[in-house]
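Trainee: I am attaching a structure below and will ask some questions about it afterwards.
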Amino acid sequence: MSVQHVLVINCGSSSLKFAVIDASSGDELLSGLAERLHNDDATLKYKFVGNKEQNALPAGADHKIAIDTLVTLIHQYDLAKDLIAVGHRVVHGGEQFTGSQVITPDVLDVITQTAQLAPLHNPANLTGIQAAQAAFPELVQVAVFDTAFHQSMPKHAFLYALPYSLYKEHGVRRYGFHGTSHHYVSTQAVETLGLAADNHRLITAHLGNGCSVCAIKNGASVDTSMGLTPLEGVVMGTRSGDIDPGLFDYLTSQLGYSVAEVNTMLNQQSGLLGISELSNDCRTIEEAYVEGHEQATLALDIFCYRLAKQIAAYLVPLKGLDALVFTGGIGENSDIIRAKVLAHLSFLGCQIDEQRNLAARFGKSGVITSETSLITTMVVPTNEEWMICQDAARLAKGA
Ligand code: ADP
């Protein structure tokens, strides 16, 4: 059988993850991350068959510049010839898509239309798709939606208590995001912990720049913290998460903000950044916290308190819990945040093991609670790229 590689492109709000993956073995030939896009210190780091390299990106580099650099690398390492497909992570697929799709003009139209529901993400995803179509016009391009995994949520979990006509006529409902990640880490946890595929209850916390929590029963999402847009739920890097909807009227009619200004505030100026007035980057917040910075400490406290409350709430749909799973840049690396969240849950019999908590960082998975903990908690590095690769290869082969 000929070698078949998939280029996976995952444009986050401020990052671009990419990988060229062997679709049969899962081996990553080229993989990398452009980080801090739109900031002065944007960088692109990558590995080519295990060797670490770094490319300077110009200050303020955006997704388009990062993708152009990636295409140059693919040609430089002669990887284009074995590519069979490009798989794109797309954040919002609305209610139309319950699974991955080959990208056609109609699919592109829906992604463009739903951009208003995911203003930080779908535009970045579209940039990625357009740049990849231009660079590799002969390849099948596949969209893998963050919303698809949550289409199993029951109506009582996905509907808002709003006039029903808003749902029927305009699709106003909770969609949920990070589905590819929640799906992947839950599958890994079920396997690692030896749980039965048809009998398990998990809570997964994906904590990256965007953060969401998901309740999973027997492999299916039954509730999740993000809603119509990726703004609802727990506190995030720059996003507020849940707020009183009455705030909107107060800010616009009493304080003179425009609707656009409130939107920008809630999406880009709130969360860890808004409270700390320092940074949206968890590493910076943690450094300041260790030095005793008051607002950084407050930002971490609010982040962890709200996250623990959300986790505890999912004991309602699950009626019990086999494991809690942390993932995403923060969930995989921040022993401080994990310890603070588990401390809030100690009344449920959750006991952290400090050594294990320190060991499960920087790409290492593992259980971080003690043998006697009533709630097993583990860290599973997410691998959305592998999930996207598998779907893209399947659809490219017409399966
Ligand atoms: P995205 O949602 O853009 O994919 P990531 O999953 O890469 O983001 O997560 C980014 C977040 O992870 C940032 O807040 C970053 O500070 C945090 N992070 C990365 N490494 C560490 C670390 N060693 N300690 C604490 N936080 C970290």
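Trainee: Considering each residue of the stretch 152-188, count those that are at pLDDT below 95 and under 21 Å from residue 316 (Cα atoms), and give that number.
Mentor: Number of matching residues: 1.
Trainee: Which of the residues that make up the stretch 363-389 are exposed (fewer than 14 other Cβ atoms within 10 Å of the Cβ) and within 16 Å of the ligand (Cβ to nearest atom)?
Mentor: Start the filter on the stretch 363-389 by keeping residues that are exposed (fewer than 14 other Cβ atoms within 10 Å of the Cβ), which leaves 363-364, 371-372, 374.
Passing the criteria: 363, 364.
Trainee: Output the number of the condition that residue 393 fails; it satisfies all remaining conditions of (1) touching a residue at least 60 places away in the same chain (Cβ under 8 Å); (2) touching a Pro at 6+ places or on another chain (Cβ under 7 Å).
Mentor: (2)
Trainee: Any residue in the stretch 141-148 that is among the aromatic types (Phe, Trp, Tyr), at pLDDT 95 or above and out of contact with any strand residue (DSSP E or B) (no Cβ under 8 Å at 6 or more places or on another chain)? Even if it seems obvious, please write down each step before you answer.
Mentor: Step one: filter the stretch 141-148 for residues among the aromatic types (Phe, Trp, Tyr), giving 145.
Okay, now just the ones that are also at pLDDT 95 or above, so 145.
Still in the list and also out of contact with any strand residue (DSSP E or B) (no Cβ under 8 Å at 6 or more places or on another chain): none.
No, there is no match, as no residue in the stretch 141-148 is among the aromatic types (Phe, Trp, Tyr), at pLDDT 95 or above and out of contact with any strand residue (DSSP E or B) (no Cβ under 8 Å at 6 or more places or on another chain).
Trainee: Name every residue in the stretch 315-354 that is farther than 23 Å from residue 210 by Cβ, β-branched (Val, Ile, Thr) and not in a helix (DSSP H, G or I), in order of residue number.
Mentor: Correct list: 352 only.
Trainee: Quick one: is residue 16 within 14 Å of the ligand (Cβ to nearest atom) and at pLDDT 85 or above?
Mentor: So residue 16 fits the description; yes.
Trainee: If residue 206 passes every condition in (1) surrounded by fewer than 17 Cβ atoms within 10 Å (Cβ to Cβ); (2) at pLDDT 95 or above but one, which one does it miss?
Mentor: Among (1) surrounded by fewer than 17 Cβ atoms within 10 Å (Cβ to Cβ); (2) at pLDDT 95 or above, the lone unmet condition for residue 206 is (1).
Trainee: Cβ-Cβ distance below 6 Å, separation of 6 or more or different chains: which pairs start in the stretch 145-170 with a residue that is closer than 18 Å to residue 213 by Cβ and end on one that is of a type in the set (Lys, Arg) and part of a loop (DSSP other than H, G, I, E, B)?
Mentor: From the stretch 145-170, the pairs are 158/173; 158/174.
Trainee: Please list, ordered by residue number, the helices (runs of 4 or more DSSP H) wholly in the stretch 155-220 having 1 or more residues that are more than 16 Å from the ligand (Cβ to nearest atom), hydrophobic (A, V, I, L, M, F, W, C) and under 20 Å from residue 99 (Cβ atoms). First the steps, then the outcome.
Mentor: Values: elements: 155-158, 164-170, 179-193.
Fully inside the stretch 155-220 and qualifying: 155-158.
Trainee: Considering every residue within the stretch 320-336, establish whether at least one is farther than 26 Å from residue 272 by Cα and free of Cβ contacts under 8 Å to residues at least 12 places away in the same chain.
Mentor: Here is the first cut: in the stretch 320-336, the residues farther than 26 Å from residue 272 by Cα are 320-323.
The next check asks that each one be free of Cβ contacts under 8 Å to residues at least 12 places away in the same chain; those that pass are none.
Checked the stretch 320-336: no residue is farther than 26 Å from residue 272 by Cα and free of Cβ contacts under 8 Å to residues at least 12 places away in the same chain.
Trainee: Of the conditions (1) within 18 Å of residue 303 (Cα to Cα); (2) over 13 Å from the mean Cα position of the chain (by Cα); (3) surrounded by 24 or more Cβ atoms within 10 Å (Cβ to Cβ), residue 232 clears all except one; give me its number.
Mentor: All conditions pass for residue 232, except number (3).
Trainee: Looking at the stretch 264-282 only, could you name the residues that are without any contact (Cβ under 8 Å) to a residue 24 or more places away in the chain, over 12 Å from residue 240 (Cβ atoms) and either within 11 Å of the ligand (Cβ to nearest atom) or surrounded by fewer than 20 Cβ atoms within 10 Å (Cβ to Cβ) (or both)?
Mentor: 277, 278, 279
Trainee: Of everything in the stretch 244-285, what is acidic (Asp, Glu) and not in a helix (DSSP H, G or I)? Give them in sequence order. Reasoning before the result, please.
Mentor: Within the stretch 244-285, the subset acidic (Asp, Glu) is 244, 249, 261, 277, 281.
244, 277, 281, listed by residue number.
Trainee: Still on this structure: Please state which one of 135, 148, 143 is within 25 Å of residue 394 (Cβ to Cβ) and touching a His at 6+ places or on another chain (Cβ under 8 Å).
Mentor: Values: 135 fails: touching a His at 6+ places or on another chain (Cβ under 8 Å); 148 fails: touching a His at 6+ places or on another chain (Cβ under 8 Å).
Result of the check over 135, 148, 143: 143.
Trainee: To continue, here is another question. Condition first: at pLDDT 95 or above, more than 22 Å from the chain's Cα centre (by Cα) and among the basic types (Lys, Arg). Can you find one or more residues in the stretch 356-370 that meet it?
Mentor: Yes, the conditions are met somewhere in the stretch 356-370.
Trainee: Among the numbered criteria (1) more than 16 Å from the ligand (Cβ to nearest atom); (2) part of a helix (DSSP H, G or I), which one does residue 299 miss?
Mentor: That leaves (1) as the condition not met.
Trainee: Quick check: anything in the stretch 37-45 among the basic types (Lys, Arg), within 16 Å of the ligand (Cβ to nearest atom) and surrounded by 15 or more Cβ atoms within 10 Å (Cβ to Cβ)? Quick ask: steps written out before the conclusion?
Mentor: Our first condition is that a residue be among the basic types (Lys, Arg); within the stretch 37-45, this holds for 45.
Those still in the list that are within 16 Å of the ligand (Cβ to nearest atom) too: 45.
In the following step, the residues that additionally are surrounded by 15 or more Cβ atoms within 10 Å (Cβ to Cβ) were identified as none.
The answer is no, given that none of the residues of the stretch 37-45 is among the basic types (Lys, Arg), within 16 Å of the ligand (Cβ to nearest atom) and surrounded by 15 or more Cβ atoms within 10 Å (Cβ to Cβ).
Trainee: In addition: When you go through 343, 360, 339 one by one, which is the residue that is surrounded by fewer than 17 Cβ atoms within 10 Å (Cβ to Cβ) and within 16 Å of the ligand (Cβ to nearest atom)? Step through it out loud before you land on a result.
Mentor: On the way: 343 fails: within 16 Å of the ligand (Cβ to nearest atom); 360 fails: surrounded by fewer than 17 Cβ atoms within 10 Å (Cβ to Cβ).
Being surrounded by fewer than 17 Cβ atoms within 10 Å (Cβ to Cβ) and within 16 Å of the ligand (Cβ to nearest atom) holds for just one of 343, 360, 339, which is 339.
Trainee: Additional query: Here is a check on your reading of the model: is residue 164 surrounded by fewer than 24 Cβ atoms within 10 Å (Cβ to Cβ) and of a type in the set (Phe, Trp, Tyr)?
Mentor: Yes.
Trainee: Assuming residue 399 fulfils every condition listed in (1) crowded, with 21+ Cβ neighbours inside 10 Å; (2) over 25 Å from residue 235 (Cβ atoms); (3) modelled with pLDDT under 95 apart from one, which condition is it?
Mentor: (1)
Matching residues to (1) touching a residue at least 24 places away in the same chain (Cβ under 8 Å); (2) basic (Lys, Arg); (3) exposed (fewer than 13 other Cβ atoms within 10 Å of the Cβ):
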site	(1), (2), (3)
56	no, no, yes
70	yes, no, no
105	no, no, yes
113	no, no, no
122	yes, no, no
135	yes, no, no
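The values are calculated or read from the model by the stated rules, or taken from the named source; none is laboratory data. In this text the structure is predicted, and so the values were computed from the model without any measurement. Because the Cβ atoms are built from the backbone with ideal geometry, glycine has one as well, and the counts that use them run over all protein chains shown.
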